[in-house]
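Participant: Got a structure here, written out as structure tokens. Questions coming.
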Amino acid sequence: MKSSDTGHVVSDDAVVREVGRLIEQGARRTVDVDTDADGRARFVARVCRERRAGTPRREPRAIVVVLAAALATVLAVSLWMLIPRRHVTYAVDGTALASGGFVQAPANADASVHFSDGSVVVLSPGTRGRVREVRERGARFTIETGTADVHVAKREGGADYIIEAGPYAVKVIGTRFTVAWDPSGDHLHLDLAEGSVVITGPLAENGVGLRAGQIIDLDASGVRVHESSTEHVTAASTSGDAVDASPATAEAVASSDAAPSASSTSAAPRGATWATEVAAGDYDAVLRDVDARGVAATLESVGAGELMTLADAARYGGRPGLANDALRAVRRRFPGTKPASTAAFLLERMAEDGGRVDAALSLYDATLSEGGTFAAEALGRKMMLVKRRSGDGAATPIARQYLSAFPRGAYADAARALVSSP
Amino acid sequence: MKRAAVAPKSSPAGDRGVVRALRVGYADDATLAHALAAGEPRAASAAWDRFSPLVRGLLWQSLGPSSEVEDHLQDVFLTLFRRARDLRDPNAITSFVIGITVRVARSELRRRRVRRWLLLSPDGVLPELPAVEADRATRDALASVQAILERLDPEPRLAFVLRHAQGMDVAEIAGALDCSLATAKRRLARATERVLFHAKSDPDLLTFVSSTEPALREGSES
């Protein structure tokens, strides 16, 4: 027993009980949903990474060897770290950059993160994200919730970007896509416009390769791969039956089942291999394969998806002529499909980059007449091209047309400047 | 405490790249334990949903308000996932989780002691998070209790928390601390003695206790 200053006498049991109650009360804190969801996603992602890496259980005898190797690694890394390196830098437009690389787009406008290598992540209104890490050849960007348009600029040797969304990681070499993450429903949606990516995470532990024109949805009900032109679900696991989602099979299922008119009868496994090789930056492997099979025969035999992947490999691998031929083959063999529309846009870009202004303008008009995903981009680029070639006066009507159709598009500011200029 | 390995559920030869329908939730502890032992990533999500409140609470109680609790939470769950095969009784997964949590907390308390020795932080604790919502007197009492816990060695501190905040009996404490029953009793007795000593030296804390324990005031008892 002990008297307190207030004159009360309290038993030892009461003191101990109250201390215990205070410890319990002190730990009764509310954890916000985002913190818990972030922690859960980090944990699941690490579990998936470990499974992929196949972390072995080490025997005690091996520990000495492991320690020696670790010491050697530490020394090597220390030396390596002494060499100064330049990482990409970034700037945020449309909102403020908060500590820790946190970016939140305003409720009624886009915000964008511009990287020094030309890559851009555009966050839709209300979307939250975070630049987790910048590297020599890219960055790691996390979408906490919402939708983002990602354009990773092509660079020699391949870019090194990882776009994370919940427990999923999208490895990007050089491509353009839209990704949405809904943490409340654990739902990932990715619409790949250009290039190829590999997605890893729950339900995709070994990586699922996607190529241009494909859409993937992953959530509690399973994995669904669509061709964006048909919206035909090609791989789902809602029934509980096992579905092989290895890169090869996912690609094969998608290409053979989703767009019959744009499919090859024999090239699905090869397309899957090409997509994986392009995603890994091994463009030469694809080009060697095509040369070995014969360019002309390949252009006439493989499906639209494979042709698009081949075009990517050729563009990134320094063979613009072959890229041009592959894209034209898509336009000729699969008219009216999403790959054909994408091919038109890429041909425009290549024509513009090559200084063939008339050809580019003609192709832009073709894209606009077909509508689709690239209509806004095509109209914006046409406006800029006309402005450069013929001046503001000639571009102003196109600017008005752009603002009317896409008032919040990427070229809206440039269009307004043209319209308001005297 | 050594735990016998549980044979993982059979895995078909062609398991690579197989996608199955997500089983939303695992009905019972044994099912979840087997799924974790088999390395199913979906079981990782289910384990997080089921155990994170328990683990987070125990970490808060053991370590106090620390910005590192979320990192320790990751450590606990990764260890759970890696060591699920060592679980002898799949129905005892909750005890297994508590044991892992206690080991993680113990490591952190030891690290804090080293930090204190190295003067990296005045008290070995990293910057605190905002306090819980409570009146001034309760917040002061919480701070006093935290200061008392900081004076205890890791083992007695954990024994005290498990007994008086988690409500475990001595046998459960022995299991969680991976020690004998006698050792658990000894650690608990030492912790209780130290807590009483420091609490009785804190008049403000005693005043608070007396105000919240009216039934135990001497007058009431008589």
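The values are calculated or read from the model by the stated rules, or taken from the named source; none is laboratory data. Predicted model only: the values in this text are computed from it and were never measured. Because the Cβ atoms are built from the backbone with ideal geometry, glycine has one as well, and the counts that use them run over all protein chains shown.
Participant: A:ALA37 fails exactly one of the following numbered conditions: (1) at the interface with another protein chain (Cβ under 7 Å from one of its Cβ atoms); (2) within 28 Å of B:VAL161 (Cα to Cα). What is the number of that condition?
Facilitator: Evaluating A:ALA37 over (1) at the interface with another protein chain (Cβ under 7 Å from one of its Cβ atoms); (2) within 28 Å of B:VAL161 (Cα to Cα) leaves (1) as the failure.
Condition check ((1) farther than 29 Å from A:PRO335 by Cα; (2) crowded, with 20+ Cβ neighbours inside 10 Å; (3) among the basic types (Lys, Arg)) across all residues:
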| site | (1), (2), (3) |
| --- | --- |
| A:GLU377 | no, yes, no |
| A:ARG388 | yes, no, yes |
| A:ASP392 | yes, no, no |
| A:ARG400 | yes, no, yes |
| A:ARG408 | yes, no, yes |
| A:ASP413 | yes, no, no |
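Participant: The conditions are (1) over 18 Å from the mean Cα position of the chain (by Cα); (2) over 19 Å from A:ILE162 (Cα atoms); (3) surrounded by 14 or more Cβ atoms within 10 Å (Cβ to Cβ), and A:PHE102 fails exactly one of them. Which is it?
Facilitator: Single failed check for A:PHE102: (2).
Participant: Go through region A:344-393 and count every residue that is small (Gly, Ala, Ser) and touching a Gly at 6+ places or on another chain (Cβ under 8 Å).
Facilitator: Summing the residues that are small (Gly, Ala, Ser) and touching a Gly at 6+ places or on another chain (Cβ under 8 Å) in region A:344-393 gives 2.
Participant: Answer with yes or no whether A:VAL74 is out of contact with any His (no Cβ under 7 Å at 6 or more places or on another chain), within 14 Å of chain B (Cβ to nearest Cβ) and either closer than 30 Å to B:THR192 by Cβ or modelled with pLDDT of 85 or more (or both).
Facilitator: no
Participant: Could you say which residue among B:LEU158, B:LEU142 is at pLDDT 90 or above, among the hydrophobic types (A, V, I, L, M, F, W, C), surrounded by 14 or more Cβ atoms within 10 Å (Cβ to Cβ) and under 23 Å from B:VAL55 (Cα atoms)? Before you say what the answer is, go through the steps one by one.
Facilitator: Values: B:LEU142 fails: at pLDDT 90 or above.
Going through B:LEU158, B:LEU142 in turn, the sole match is B:LEU158.
Participant: Within region B:144-167, which residues are touching a Gly at 6+ places or on another chain (Cβ under 9 Å) and either among the small types (Gly, Ala, Ser) or away from every other protein chain (no Cβ under 11 Å) (or both)?
Facilitator: Correct list: B:GLU150, B:ALA165, B:GLY167.
Participant: Please specify each residue of region A:96-124 satisfying the condition of being free of Cβ contacts under 8 Å to residues at least 24 places away in the same chain and either closer than 23 Å to A:VAL170 by Cβ or in a strand (DSSP E or B) (or both).
Facilitator: Answer for region A:96-124, where residues must be free of Cβ contacts under 8 Å to residues at least 24 places away in the same chain and either closer than 23 Å to A:VAL170 by Cβ or in a strand (DSSP E or B) (or both): A:LEU97, A:ALA98, A:ALA111, A:SER112.
Participant: Could you tell me how many of the residues in region A:186-204 are modelled with pLDDT under 75 and either surrounded by fewer than 24 Cβ atoms within 10 Å (Cβ to Cβ) or in contact with a Pro (Cβ under 6 Å, 6 or more places away or on another chain) (or both)?
Facilitator: Our first condition is that a residue be modelled with pLDDT under 75; within region A:186-204, this holds for A:202-204.
With the extra rule that they be either surrounded by fewer than 24 Cβ atoms within 10 Å (Cβ to Cβ) or in contact with a Pro (Cβ under 6 Å, 6 or more places away or on another chain) (or both), the set shrinks to A:202.
Final tally of qualifying residues: 1.
Participant: Just wondering, is there one or more residues in region B:40-49 that are more than 10 Å from every other protein chain (Cβ to nearest Cβ), farther than 20 Å from A:GLY185 by Cβ and in contact with a Phe, Trp or Tyr (Cβ under 9 Å, 6 or more places away or on another chain)?
Facilitator: No, the conditions are met nowhere in region B:40-49.
Participant: Right, another one. Restricting the first residue to region B:60-72 and requiring it to be farther than 17 Å from A:ASP32 by Cβ and at the interface with chain A (Cβ under 7 Å from one of its Cβ atoms), which pairs with a second residue that is assigned to a loop (DSSP other than H, G, I, E, B) and modelled with pLDDT of 85 or more meet a Cβ separation below 6 Å and a spacing of at least six or different chains?
Facilitator: B:GLN61/B:ALA165
Participant: Quick one: which helices (runs of 4 or more DSSP H) lie wholly within region B:178-222 and hold at least 3 residues that are more than 9 Å from chain A (Cβ to nearest Cβ) and modelled with pLDDT of 90 or more?
Facilitator: B:181-200
Each row is one residue, and each column tells you yes or no for (1) modelled with pLDDT of 85 or more; (2) β-branched (Val, Ile, Thr); (3) part of a loop (DSSP other than H, G, I, E, B).
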position	(1), (2), (3)
A:VAL286	yes, yes, no
A:ALA292	yes, no, no
A:ALA297	yes, no, no
A:LEU322	yes, no, no
A:ALA343	no, no, no
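Participant: So in region A:311-338, with the set limited to residues that are of a type outside the set (S, T, N, Q) and in contact with a Ser or Thr (Cβ under 7 Å, 6 or more places away or on another chain), which one is farthest from A:ASP289 (Cα to Cα)?
Facilitator: The qualifying residue farthest from A:ASP289 (Cα to Cα) is A:LYS338.
Participant: Could you check how many residues of region A:299-320 are charged (D, E, K, R), part of a helix (DSSP H, G or I) and modelled with pLDDT of 85 or more?
Facilitator: Of the residues in region A:299-320, the ones charged (D, E, K, R) are A:300, A:306, A:312, A:315, A:319.
Restricting the remaining residues to those that are part of a helix (DSSP H, G or I) gives A:300, A:306, A:312, A:315.
Next, only the ones that are modelled with pLDDT of 85 or more stay: A:300.
Summing the residues that are charged (D, E, K, R), part of a helix (DSSP H, G or I) and modelled with pLDDT of 85 or more in region A:299-320 gives 1.
Participant: I'd like to know if region A:215-232 contains one or more residues that are more than 14 Å from chain B (Cβ to nearest Cβ) and either within 26 Å of B:GLY39 (Cβ to Cβ) or at pLDDT 80 or above (or both).
Facilitator: Looking through region A:215-232, at least one residue is more than 14 Å from chain B (Cβ to nearest Cβ) and either within 26 Å of B:GLY39 (Cβ to Cβ) or at pLDDT 80 or above (or both).
Participant: Out of A:ALA360, A:ALA323, report the one residue that is within 24 Å of A:SER301 (Cβ to Cβ) and touching a residue at least 12 places away in the same chain (Cβ under 8 Å).
Facilitator: Sole residue among the options that is within 24 Å of A:SER301 (Cβ to Cβ) and touching a residue at least 12 places away in the same chain (Cβ under 8 Å): A:ALA323.
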